[in-house]
1. For segment 275-317, compute Rh as the Kirkwood radius over C-alpha pairs and then the Stokes-Einstein diffusion coefficient at 10 °C and 1.306 mPa s; write the answer in µm²/s, rounded to an integer.
2. Per residue, how big is the convex hull around the C-alpha atoms of segment 531-633? Give it to me in cubic angstrom, could you?
3. Report the semi-axes of the equivalent ellipsoid for segment 432-531 in whole Å, largest first, where each axis is √(5λ) for an eigenvalue λ of the Cα gyration tensor.
4. Of all DSSP beta bridges located in segment 5-229, what percent are antiparallel, nearest 5?
5. Over the Cα atoms of segment 363-494, what is the Rg over Rh ratio if Rh follows Kirkwood?
6. Out of the GluC sites (Glu not before Pro) in segment 163-217, which ones are loop residues according to DSSP with at most 15 other C-beta atoms within 10 Å?
7. Which aspartates and glutamates, if any, have their Cα less than 19 Å from the Cα of LYS249, not counting same-chain residues under 8 positions apart?
8. How about segment 18-85: which GluC sites (Glu not before Pro) there lie in a loop by DSSP and see at most 16 other Cβ atoms within 10 Å?
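Where a number appears in this text, it was derived from the coordinates with a stated rule and is not lab data. Here the structure is a predicted model, which is why all the values come from computation and not from measurement. Cβ: placed from backbone, ideal geometry, glycine included. Neighbour counts: every protein chain shown.
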Amino acid sequence: MIQNWDSLFYPKSIAIVGASERVGSVGYSLVQNITSSFQGKVYPIHREDKLEDISGPIDLAVVAVPAPIVATIVDEAGKKGVKAMIIISAGFKEAGEEGATREKEIVRLAEQFGMTVIGPNCLGVINPEIGMNASFAPDMPSFGGAAFVSQSGALCTAVIDYAKHLNLGFSKFVSIGNKACVDEVDLFEYFASDAKTRVVLAYIEDVTRIPEFLNNAKKLHKPVLLLKSGKSDEGKAASVSHTGALGGKDVYYDALFKQAGVLRVNTVPELFTAASSFLYNPLPKGNRVAVITNAGGPGILVTDAAIAAGLSVPKLTRSNNPIDLLGDAKTNQYGKALCAVCADDAIDSLLVLLTPQGGTPITEIAKSIVEVKKTTDKPIIVSFMGQHRVLPGVDVLKQGNVAVCDYPEDAAKALGLLVAYTQISSRTHTELPTFHITRGKKLASGMIPEYEAMMLLKMYGFPVVKSGFATSAKDAKAVMDLLRVPCAMKIVSPDITHKSDVGGVILDITLDTVESLYEKMMRDVKQNAPNANIEGVLLVEMVKEKGIELIIGATRDPLFGVMIMVGFGGVTVEVFNDTAFGIAPLSKENVMDTINQLHIAKLFDHFRRGPSYNRETIVDVIGKVQQLMIDHPEISELDINPCILLPEDKGAKIVDVRIRVE
């Protein structure tokens, strides 16, 4: 639906439906807030009044009436020609089934009249640029370059107060509440073209339109700093596959944000220190940072935090890094160090620390930082440690538009986000190769027998090992005679997930030992899993060359779609849980980013003089997994474990696969 953003953010007339003269009521607060600074026409609509009685046009209606009559108001507004509405009223889907029905009716009417509707169950909308506080928040924030979007109305009032403390201004301030008609995805699209918005801040509890979120966040071309609540393990439902068990909604959200180029933060202070860092600094050219401090301990702390944030703290030509000016450092020493580092082509940004020691000229040092900042194109983030004694200097920094953090670790995190966004903004996207396989008939539901799953992978060009299926000791010997390689024998049963736990895996099978070991496996498995339906065994070529065991899998989530996973594989996959996820369709760069999130990625690059491993091999396997999941929407889960990544350019070998069809 085409949105009426100008009517929402730049109205010439506002009607307040549910206006009240009762002090302390929402209707009273709305009247006071809107009339106090909005320069356009304001029409308070009390209980006995109607929108149709107003003779002039209405751009925006703000509604604060009981939930059961809101739909009637929407209908009246639509017939009046109102193009935008903010529904403050609660009592909709957050209140149960009856409220959800009311909300659906609002959506229907909004679509019928082409009306842009914020809410319901929200705080309201603020545009400081034109003095419009169409909310019941008690304060009008200052005007600035940050747009803020929140699902929580209560958080908004605290955010406004916190932003004042940081001297942070807003271009637009939107409480979306239940986001029945307009959500963060729609607002991302608007902010992309809003010249007043330089950075987007968001607090969300869920995302309901995953593909649109990915698309609109990428097209913003502005930093998005996002705080999402709910990091619990809910959604990790019991699963027959490692991919499903190792996933979970918050892991998927992390993958979504990384893929969309959104920077996730964990706390409200982190959100706003990062915001001020983006608003008051240019983007760094690289990740090399110099630390300037008057205390050794904090310098070491911030160096550790900088490394953890993905920054580099290189040695300087003429001094150590951190640069410790010592406790008696004065203004001129800070100034000289700042100017020297700003002139050093080997440094991309600065972290400046100060502890309030005896004789430290705090305010004068702050003034020198402000002056140096005017002369450089390198980001400067400052932490004056302490509270009361450093406050005058902190105020000077804020008034001088210098990003300042209470703690040095927060400064390092904020700078790390600037560097991360620099890398995000220079991304390219290369589509993974696609190919056409004759699909044949739809796969039967349930667990696909492993030997059939291996044949399916082989048809798609996966690097599977030689294998053969047997239902008796005699058949097993015939398979071994055909394969002519040492094999592993694995039980085949739809009822057994972890084969080795029940004696269902035996290694180093030969032609001479295969029959006796087949009989032994049957005895052991029947004893350890007496109720399991045993179909036979799979004889699989053993990979003798040492490599890195990976797990590569996919699961089909009802909200996120196809989630693709890569990680450290083998029997200990759930112990180490070194995995990363991406949302299909993945580009080559998305896959590389996902691989490089793994701790074991360090092993791929001659770790301790060992061999190198070609990431392109993993990209190729993941591309085939993606294609298989696209071609067969009936596949719900797929695990390749292990996929043995061989050194240098020797490729990979897939030893085991599990596929579940629904």
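1. On the way: Rh = 11.7 Å.
Using the Kirkwood radius from Cα pairs, D works out to 136 µm²/s.
2. Expressed per residue, the convex hull around the Cα atoms of segment 531-633 is 165 Å³.
3. Numbers: eigenvalues 150, 66, 26 Å².
After scaling each eigenvalue by five and taking roots: 27, 18, 11 Å.
4. 15 percent
5. 1.47
6. Here the sparse-neighbourhood loop sites are GLU205.
7. GLU184, GLU205, ASP206, GLU212, ASP233, GLU234, ASP557, GLU574, ASP578, GLU637, ASP639
8. GLU21, GLU48
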